[in-house]
1. Against the definition (assigned to a loop (DSSP other than H, G, I, E, B), open to solvent by 50 Å² or more (accessible area, probe 1.4 Å) and of a type in the set (Phe, Trp, Tyr)), how does residue B:145 come out, yes or no?
2. Report whether or not residue B:8 is within 16 Å of residue B:242 (Cβ to Cβ) and open to solvent by 40 Å² or more (accessible area, probe 1.4 Å).
3. Quick one: would you say residue B:103 is among the hydroxyl-bearing types (Ser, Thr, Tyr), open to solvent by less than 10 Å² (accessible area, probe 1.4 Å) and assigned to a helix (DSSP H, G or I)?
4. Does the stretch B:305-319 hold any residues that are at pLDDT below 90 and surrounded by fewer than 17 Cβ atoms within 10 Å (Cβ to Cβ), and which are they?
5. Give A:53, A:82 a once-over and let me know the one that is at the interface with another protein chain (Cβ under 7 Å from one of its Cβ atoms) and either surrounded by fewer than 24 Cβ atoms within 10 Å (Cβ to Cβ) or more than 17 Å from the chain's Cα centre (by Cα) (or both).
6. Here is a check on your reading of the model: is residue B:105 modelled with pLDDT of 90 or more and of a type in the set (Phe, Trp, Tyr)?
7. Please determine, by comparing only the residues of the stretch B:103-129 that are touching a residue at least 60 places away in the same chain (Cβ under 8 Å) and in contact with a Cys (Cβ under 8 Å, 6 or more places away or on another chain), which one is nearest to the other protein chains (Cβ to nearest Cβ).
8. Quickly run through the stretch B:401-421 and pick out the residues that are under 26 Å from residue B:263 (Cα atoms), assigned to a loop (DSSP other than H, G, I, E, B) and touching a strand residue (DSSP E or B) at 6+ places or on another chain (Cβ under 7 Å).
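The values are calculated or read from the model by the stated rules, or taken from the named source; none is laboratory data. Just so it is clear, the model here is predicted, and its values are computed rather than measured. Please note: Cβ atoms are built from the backbone with ideal geometry, for glycine as well, and neighbour counts cover all protein chains shown. The accessibility values were calculated without ligands, DNA or RNA, using every heavy atom of the protein model including side chains. Shrake-Rupley method; radii C 1.70, N 1.55, O 1.52, S 1.80 Å.
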Amino acid sequence: MSEISIQLENLSFKAQQLSDQASQLALSAVETTGGHSDFIIFGITVLVLACFVGYYVVWSVTPALHSPLMGVTNAISSVIIVGALLAAGPIDATISKYFGLAAVGLAAVNIFGGFVVTNRMLSMFKKKS
Amino acid sequence: MSNLTSVAYLISSVLFILSLRGLSHPTTARRGNFYGIVGMAIAIITTVSNPGVLSYKEIAIAFIIGGLIGSVIAVRIQMTALPQLVAAFHSLVGLAAVFVAASAFYNPSAFNIGTVGNIPLGSLVEMAIGTAIGAVTFTGSIIAFGKLQGFVSGNPLVFKGQHLLNLALGLGIIALIAKFCIDQNPEYFWMIVAASFLIGVLLIVPIGGADMPVIVSMLNSYSGWAAAGIGFTLSNNLLIITGALVGSSGAILSYIMCKGMNRSFLNVLLGGFGGEQAASTGGVKDDRVAKQGNAADAAFMMKNSQTIIIVPGYGMAVAQAQHALREMGDLLKAAGAQVRYAIHPVAGRMPGHMNVLLAEANVPYDEVFELDEINRDFSETDVAFVIGANDVTNPAAKTDKTSAIYGMPILDVENAGQVFFVKRGMASGYAGVQNELFFRDNTLMLFGDAKKVCEDIIKGLEN
């Protein structure tokens with residue numbers, strides 16, 4: 001009896017090892033390839049849903065404010081500065097960093113320019129006194 | 001990306017949606033703009049606190065220089081030059097997208113997308129597409145800016161084989177993207193950029209000056225898609241959501257502008273409208289004589305009217321007549337008349353441009369109406385005062401199937417008791433079509449500069 005129980009223990013130990021190896025393989029597979037392709041599907045989901053949100057929100061904008069709408073969308077499309085900041089982030093002076101810094105500058109022109117000009121436009125819209 | 005970062009980006013996304021939502025009414029619009037600013041601030045602060053971002057000093061310098069330039073331009077710009085400004089700003093978003101993609105290509109580890117020469121296929125495709133859209137937005141917007149500002153001729157530039165060349169270039173870019181994804185050679189990256197720069201120029205040169213509202217909206221849309229493309233490279237939902245919002249906004253505005261001209265989007269893109277055809281048909285002699293009046297007559301008749309609708313067009317803005325026009329409106333209101341303004345969807349050089357110009361001249365927004373809101377009221381109106389508009393009032397659009405503008409929605413000014421038409425001369429409008437309205441019995445032409453005519457009427461009203 002004791003022999004059988006020892007064998008069983010050995011077997012279960014080996015099974016445990018195998019399953020550990022399998023799960024590690026699966027994990028590393030996700031890290032190298034699967035992780036990103038997962039984001040593509042996720043990203044497309046977000047993109048399509050955001051297009052629907054955009055569609056309904058933009059149709060609710062009054063035509064009188066279509067110019068300010070362009071000003072605001074212009075400013076918020078500069079959210080690309082998020083990528084520019086990550087690119088400009090590293091300490092080492094590389095070509096990549098300078099591209100990032102240039103993009104930070106360009107996006108900043110747009111952010112400030114877009115919000116300021118929109119605010120100027122909107123401050124002109126007044127009701128009958 | 002930590003959970004905290006993701007939540008902060010989500011808050012930014014929601015604030016951006018609320019900022020567009022605020023524009024549904026002038027009373028909530030400024031709060032909307034504020035939401036947008038807060039959303040952007042959260043996005044920037046969150047990104048700067050990322051452990052990978054360390055060069056604070058250089059970033060601050062680039063940010064402050066850019067911010068100062070943007071603020072100064074935005075404070076100084078004249079409202080008539082708004083379309084050029086927006087086009088110029090779009091070009092910057094496009095160029096920034098190209099720079100971010102280039103940066104990701106040369107240092108992929110900063111974005112967690114592998115190492116140099118070893119970037120995963122998916123990221124390469126996204127990077128290449130983001131770059132191409134960004135580059136097209138950059139040069140396309142620069143040409144649009146040049147046309148609006150008058151640096152480049154507003155006439156459409158058409159040549160033989162133009163569309164074939166564009167098609168070949170488009171296919172070439174796709175082939176380059178495929179090559180780039182296979183061997184990750186920097187030369188292919190820059191060839192994609194160069195070919196996209198070229199196609200951006202070629203897409204916009206054949207488009208006439210007055211089609212620019214559609215093009216400015218379209219480039220607005222492109223700048224959004226460029227941001228979304230970069231969002232895929234960075235696996236960042238904030239960029240994807242914002243890009244989709246901007247992209248759909250620009251697409252809807254282009255659609256509204258096309259509908260306002262009864263043209264298909266493809267027809268605008270193929271270009272060539274408003275160039276030679278306008279010159280040829282504009283030269284046709286018309287023997288009919290339009291009745292001519294003077295400012296004193298107009299002042300007398302309007303003083304005795306109960307209801308007046310003013311129809312302003314881009315010509316009014318060119319003549320800088322909006323302040324004189326508003327003063328004229330004020331005097332008429334003081335004399336007891338109801339004064340309203342009717343705006344055609346394509347009045348001005350960008351969507352909603354005319355509303356901003358009138359608002360700048362202190363016209364209250366609740367006296368300004370869109371075509372659908374006011375068109376029925378012309379038949380119960382004593383006087384329609386058309387200033388600087390032409391094609392958008394031409395009744396031939398409803399009756400003459402051979403007319404170039406047939407089917408375009410127009411303001412039914414001919415139904416008003418009396419029409420005053422302020423115009424410099426008898427020349428035809430942008431579409432090159434003679435306006436039937438000039439020869440109607442109830443139309444009186446007031447020839448002269450728009451501002452001068454308004455000032456003369458003001459004198460007549462004050463006497």
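1. For residue B:145, the condition - assigned to a loop (DSSP other than H, G, I, E, B), open to solvent by 50 Å² or more (accessible area, probe 1.4 Å) and of a type in the set (Phe, Trp, Tyr) - is not met.
2. Answer is no for this residue.
3. yes
4. Selection gives B:318 alone.
5. A:53
6. yes
7. B:121
8. Within the stretch B:401-421, just B:411 meets the criteria.
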